[in-house]
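The values are calculated or read from the model by the stated rules, or taken from the named source; none is laboratory data. Here the structure is a predicted model, which is why all the values come from computation and not from measurement. Heads up, the Cβs are rebuilt from the backbone with ideal geometry, glycines too, and the neighbour counts pull from every protein chain shown.
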Amino acid sequence: MTLTSIHLAFTYTILTLTSQRMVVTALKNMRIGVLVPLTGDKSMGQEVVAAAHLGVKAMNEDRSLTAVIADDYQFSIAVSDSGCDTGQVLQKVVELSTNLATTGHKVDAFVGE
């Protein structure tokens, strides 16, 4: 999978999530948790993280990409290492969605493992 195809898949996923109103509409910042294996036997997360950053940058700079939602959304990501471990992924989802993570911000949606 190339970086471009990962970038397109990430952008499509975010647009799909937001167009279905899976987030609270009062939010000004849409924070997306990116759960990828950065460590472990199957670590490939750096490419996904780079694609996620490109996707978020594109959505924040080109408002036509996010025309399906209110213009006052700003997108950001919170990257977390899944370690290719289901237990670790579940722990990260709970931490990020309940504002217990070190990022200090609650995550509104997730992509990745």
I'm checking my understanding of the structure. Among residues of the stretch 9-53 that are more than 18 Å from residue 98 (Cβ to Cβ) and of a type in the set (Lys, Arg), which one is modelled with the highest pLDDT? 28
Which residues, taken from the stretch 72-92, are among the β-branched types (Val, Ile, Thr) and either exposed (fewer than 15 other Cβ atoms within 10 Å of the Cβ) or over 17 Å from residue 39 (Cα atoms) (or both)? 77, 86
Please go through the stretch 54-71 and pick out each residue that is over 25 Å from residue 94 (Cβ atoms), among the small types (Gly, Ala, Ser) and either at pLDDT below 85 or surrounded by 18 or more Cβ atoms within 10 Å (Cβ to Cβ) (or both). 64, 67, 70
Pick from the stretch 93-110, criterion part of a loop (DSSP other than H, G, I, E, B) and at pLDDT 70 or above, ranking: farthest from residue 32 (Cα to Cα): 98
So, first residue more than 18 Å from residue 91 (Cβ to Cβ) and among the β-branched types (Val, Ile, Thr) in the stretch 35-48, second residue modelled with pLDDT of 85 or more and surrounded by 14 or more Cβ atoms within 10 Å (Cβ to Cβ), Cβ within less than 7 Å, six or more apart or across chains; the pairs are 48/34; 48/36
